[in-house]
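Notes follow the structure.
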Amino acid sequence: MISGQINIEDYLRRHSRPHPPHQRTSFPPRVRIDNEISPTATVIEVQADDRIGLGYQIAKTLADLSLNIIFAKLATEKAHAFDVFYVQDQRGGKILDSVRMAAIVEQLRLEVIGLSEGV
């Protein structure tokens, strides 16, 4: 709830629409995890067609996965978003377990950009 007046989830469901086909980019959606960029955090990059609430949806998904966002960079060019999140686990460390990293990628692909692994 924002100031107890509106539920952000309901608002996004009502107002989120993908860009029309002529405004979409030619970039394929992508989720990538990197542990080399930062000495203290796991870096998660999400590329997707931009829409209202995309950054919120990514952040909520990461929080639901018990990840702490320590820094984020959100960028949009035309109708394409390139969002980068620096995250740590609940103990303040990087995500090093390959099974957990794969689960994070899959959850973002399903919930945020609407893809499953086979796509």
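The values are calculated or read from the model by the stated rules, or taken from the named source; none is laboratory data. All figures in this text were calculated on a predicted structure; none of them were measured in a lab. Cβ: placed from backbone, ideal geometry, glycine included. Neighbour counts: every protein chain shown.
For region 76-101, a residue qualifies if it is small (Gly, Ala, Ser) and under 19 Å from Ser38 (Cα atoms), and the qualifying residues are Gly92, Gly93, Ser98.
Just so you know, in region 1-21 the residues that are out of contact with any helix residue (DSSP H, G or I) (no Cβ under 9 Å at 6 or more places or on another chain) and either on the phi > 0 side of the Ramachandran plot or assigned to a loop (DSSP other than H, G, I, E, B) (or both) include one that is modelled with the lowest pLDDT, and it is His19. Does Asp97 qualify as being acidic (Asp, Glu), touching a strand residue (DSSP E or B) at 6+ places or on another chain (Cβ under 7 Å) and free of Cβ contacts under 8 Å to residues at least 40 places away in the same chain? Taking the combined requirement at face value, the residue does not satisfy it.
Report yes if some residue within region 75-89 is surrounded by fewer than 16 Cβ atoms within 10 Å (Cβ to Cβ), over 10 Å from the mean Cα position of the chain (by Cα), modelled with pLDDT of 95 or more and of a type in the set (S, T, N, Q); otherwise report no. No, region 75-89 contains no residue that is surrounded by fewer than 16 Cβ atoms within 10 Å (Cβ to Cβ), over 10 Å from the mean Cα position of the chain (by Cα), modelled with pLDDT of 95 or more and of a type in the set (S, T, N, Q). Residues of region 95-110 that are surrounded by fewer than 17 Cβ atoms within 10 Å (Cβ to Cβ) and not in a helix (DSSP H, G or I): Leu96, Asp97.
The condition (being under 14 Å from the mean Cα position of the chain (by Cα), modelled with pLDDT under 90 and surrounded by 14 or more Cβ atoms within 10 Å (Cβ to Cβ)) is satisfied by just one residue among Arg51, Arg30, Arg24: Arg51.
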